[in-house]
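Heads up, the thing below is written out as structure tokens.
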Amino acid sequence: MSTTLAYAAQSAQSPLAPHIIERRNVGPDDIAIDILYCGVCHSDLHTARNEWKNTLYPSVPGHEIVGKISAVGSNVSAFQVGEIAGVGCMVDSCQHCASCGEGLEQYCENGFTGTYNGPVFGGENTFGGYSQRIVVDQRFVLRISHTDNLAAVAPLLCAGITTYSPLRQWKVGPGQKVGIVGLGGLGHMGVKIAAAMGAHVVLFTTSPNKREDALRLGASEVVVSKNAEEMAAHLNSFDFILNTVAAPHDLNPFLNLLKRDATMTLVGAPESAHPSPDVFGLIFKRRRLAGSLIGGIAETQEMLDFCAKHDIVSDIEMIAMQDINQAYERMLKSDVKYRFVIDMASLQA
Ligand code: NAP
Ligand code: ZN
């Protein structure tokens, strides 16, 4: 074992503060990474504050990790010391269930192990990217090919794959009208990726001051979702809507914008439930409401390569590790443009 400096929450009420964790020794299949940058996902906040009622403390969040490989185990040939690599939301899964067999480790029937907060069905805690170093099985390490703006690549490891995966699953492409709800970390990646896939992208926001940014990021139209008239202009017209909102809200105004047979997929995971949607709105148009969880490792690599090819990175605001608690408060006010990324060089012993 070796000790590593990290930032942790000790309880749901305590702010994040310096904390020493232990990382395992590098085993034959392991890769050790010196963390350069870590994105700040709203899931980090949900977890640090126990909003999903499953947090193991101390909690070291962070699952948008980019760093430099410092050591590799004896079985590792695909990665070398000195290379840049990424780690996303998962660090392990059972590898033998049907989902793992299909490369869908996020749906591992025995429960994947999160990069932080341990196995999803319970078990020993794991510590994420708000730290100087991490040791990860090589199967869960991603290759980063666009290395010129690494800090802006980090958010692809969660925000990128969480939006890419449903956009692919529901076959978004040219000729389709696609809605993205919420312009935060996930939403702004959704806009960029859906636009790169060739869709006509409409961004729904509660923040009218984000209109210009949404257009710059790739949206063709922007709708302020609190404005009933603006919403009514789009009734029954969408092929697909991806909803990234981190708070409970009425889903009906968005479901009513779907065409017959079209789907709205939820990726936002609020602390408490959305009000139940109107059944008539669903059945009279055979509309569908779905969910989606991050993406598998192979698909994450596919997304990273897609983003490199289309020159897509995140729009970031770099912060020092010491600024994390203020960053969380700003995230709660939808005041992020559009992902905070921690410069891990700020975390000095
Ligand atoms: P974020 O950066 O805070 O963005 C969320 C956006 O939602 C805000 O910027 C805001 O956009 C909108 N919003 C916030 N409160 C709202 C409200 N009360 N009503 C309507 N809109 C509101 O968060 P994020 O990191 O993108 O994460 C979004 C959610 O996805 C979180 O719940 C997170 O835990 C979850 N998540 C899920 C997965 C998965 O695998 N499914 C993966 C990662 C994250 P506007 O200002 O434009 O309205
Ligand atoms: Zn995340």
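Could you provide, to the nearest whole Å², the per residue accessible area of the range 60-140 with probe 1.4 Å?
On a per-residue basis, 38 Å².
Just grab the label-to-label distance for MET318 and GLN95, each label 7 Å out from Cα along the Cβ direction, in nm (one decimal).
3.7 nm
Looking at the chain, how many pairs of lysines come closer than 21 Å at the Cα, when each pair is eight or more places apart or spans two chains?
19
Let me know the shape class of the range 275-336, please: from the alpha-carbon gyration tensor, a ≥ b ≥ c as square roots of the eigenvalues, rounded when a/c is under 1.5, otherwise prolate if a/b is greater than b/c, or oblate.
Oblate, because a/c is 1.5 or more while a/b does not exceed b/c.
I need the Kirkwood Rh of the chain: take the reciprocal of the average 1/r across all distinct C-alpha pairs and report it in angstrom. Please report the intermediate quantities before stating the final value.
Numbers: mean 1/r = 0.0490 Å⁻¹.
Radius from the Kirkwood sum: 20.4 Å.
Testing the spin-label approximation: label points 7 Å from Cα along Cα→Cβ at GLN80 and ALA298. State their distance in nm.
That separation, rounded to one decimal, is 2.7 nm.
With the dipole of the chain worked out from charges on the C-beta (+1 for Lys and Arg, -1 for Asp and Glu) around the Cα centre, which of PHE280, GLN138, THR47 lies farthest toward the positive end?
PHE280
Most mobile of LYS333, LYS171, LYS285 per a Gaussian network model of the chain (Cα springs, under 10 Å)?
Result: LYS333 has the largest fluctuation of those listed.
So what is Rg over Rh here for the range 160-291, counting just Cα atoms and using Kirkwood for Rh?
Rg divided by Rh gives 0.92.
Is there a quick way to get the dipole size of the chain? I mean about its Cα centre, with the Cβ of Lys and Arg at +1 and of Asp and Glu at -1; what is the value in debye to the nearest 20?
Charge dipole of the chain: 760 debye, to the nearest 20.
Considering only protein heavy atoms and a 1.4 Å probe, what is the carbon-and-sulfur percentage of the accessible area of the range 1-104?
Ligands and nucleic acids excluded, carbon and sulfur give 51 percent.
Is the range 75-176 rounded, prolate or oblate when judged by the Cα gyration tensor, a ≥ b ≥ c being the square roots of its eigenvalues, rounded requiring a/c under 1.5 and prolate requiring a/b larger than b/c?
Oblate.
Can you give the charge dipole size of the range 160-291 about its Cα centre, rounded to the nearest 20 debye, using +1 on the beta carbon of Lys and Arg and -1 on the beta carbon of Asp and Glu?
Value, rounded to 20: 420 debye.
What whole-number value in Å² describes the accessible area per residue of the range 160-291 for a 1.4 Å probe?
42 Å²
I want the antiparallel fraction of DSSP beta bridges within the chain, as a percent rounded to 5.
The antiparallel fraction comes to roughly 55 percent.
Take the alpha carbon atoms of the range 74-95, find their center, do the same for the range 172-187, and report the distance between the two centers in whole angstrom.
The distance from the Cα centre of the range 74-95 to that of the range 172-187 comes to 30 Å.
For helix 159-169, report the angle its Cα long axis makes with the longest principal axis of the Cα atoms of the chain; keep it between 0 and 90° and round to the nearest 10°.
Taking the Cα atoms of the chain, the angle to 159-169 is about 50 degrees.
Going by average Cβ neighbours within 10 Å, how do the peptides 262-269, 81-88, 43-50 rank, with the highest at the top?
Ranking the peptides 262-269, 81-88, 43-50 by packing returns 43-50, 262-269, 81-88.
Classify the range 116-155 as rounded, prolate or oblate, taking a ≥ b ≥ c as the square roots of the eigenvalues of its Cα gyration tensor: rounded when a/c is under 1.5, otherwise prolate if a/b is larger than b/c and oblate if not.
prolate
Which percent of the accessible heavy-atom area of the range 188-245 goes to carbon and sulfur, probe 1.4 angstrom?
Percent of accessible area from carbon and sulfur atoms in the range 188-245: 49.
The values are calculated or read from the model by the stated rules, or taken from the named source; none is laboratory data. Keep in mind that what you see is a predicted model, and the values were worked out from it rather than measured. All Cβ positions, even for glycine, are placed from backbone atoms using ideal geometry, and neighbour counts span all protein chains on display. Calculation scope for accessible area: heavy atoms of the full protein, side chains included, ligands and nucleic acids excluded. Shrake-Rupley method; radii C 1.70, N 1.55, O 1.52, S 1.80 Å.
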